[in-house]
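Working notes, beginning with the structure itself.
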Amino acid sequence: MNPDLPLRDIHLPEPVSWWPPAPGWWLLLVLIVAAGLWLFRIYRSRQRKRTFAKTIEQQLQAIHAAFQQHQDGQQLAQDLSILIRRVALSVAPRGQVAGQIGAQWLQQLDELAEKQLFNTETGRQLVTAPYQPAARADAEGLLNICREWLQLITKKRVAHADI
C-alpha cells in the first residue's frame with residue numbers, strides 16, 4: 001500500500017440507541033397491553049358472576065331461615081316471588097319479564113330455565129299463595145322448585161352472559 005494516499009482511518013458507526021424502539025417492540029407492547037386488558041376483563045366478569053350467584057344463594061337462605069321462624073306460607077310465597085322476579089329482571093329483557101302475571105309468568109319462568117318447574121301444582125303456588133290468607137303452601141316443595149330454578153338461571157348466566 002502506498003502511504004501517500006489520502007485515506008482516513010476506519011470510522012465505526014454510532015452505537016444503536018435504545019430509544020425509539022423498533023416497530024416490532026411497539027407491536028409487542030400493544031399486544032401485551034391488549035392481552036392484559038382482556039385478562040382483566042375476564043377476571044372481572046367471573047368475579048361479578050360469582051357475586052351474582054352468591055348473593056342469590058344468600059337471599060334464598062335468608063328467606064328459608066325467616067320461614068322456619070314464622071312458618072307463614074303466604075309470606076314465604078311473597079318473598080320467593082319477589083326474589084325470583086328480581087333475578088328474572090336481571091337476566092332477561094325487562095319487556096319480556098316485567099309485565100307477566102299468572103300462568104304467563106310461570107310459563108316465562110320455565111322458558112328462562114329451559115325446564116318445566118313452575119307449571120306444576122307446587123309451582124303454581126308461587127302466583128296463588130301470596131294472595132290467599134292462611135295459605136297452605138307446600139313450603140319445602142316451593143323452596144326446592146325456586147332453588148332449582150335459581151341454580152339453573154345462575155348457571156345459564158355464568159355460562160352465557162357477560163355481566
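Note on L27 and Q47: with the Förster distance fixed at 22 Å, the Cβ-Cβ geometry gives a FRET efficiency of about 0.10. Calculated accessible area for the chain comes out at 72 Å² per residue, all protein chains present (probe 1.4 Å; ligands, DNA, RNA ignored). What the Cβ-Cβ distance of I82 and R136 gives, at R0 = 25 Å and to the nearest 0.05, is a FRET efficiency of 0.75. For K49, the aspartates and glutamates whose Cα comes closer than 13 Å to its Cα, not counting residues fewer than 8 places off in the same chain, are E57, D162.
If the segment from L7 to Q104 were pulled out straight at 0.36 nm per residue, it would be longer than the present Cα-Cα gap by 25.1 nm. Averaging Cα coordinates gives a centre for the range 23-84 and one for the range 129-149; these two points are 25 Å apart.
Compute, for V127, the solvent-accessible surface of its heavy atoms (probe 1.4 Å) with the complete set of protein chains present, and express it in square angstrom to the nearest 10. It works out to around 40 Å².
The values are calculated or read from the model by the stated rules, or taken from the named source; none is laboratory data. Bear in mind the structure is a predicted one, so any value in this text is a computation, not a measurement. When we count neighbours, we look across all protein chains shown, and the Cβ atoms used for this are built from the backbone with ideal geometry, even at glycine. Remember, those area values only see protein heavy atoms, side chains included, never the ligands or the DNA or RNA. Shrake-Rupley method; radii C 1.70, N 1.55, O 1.52, S 1.80 Å.
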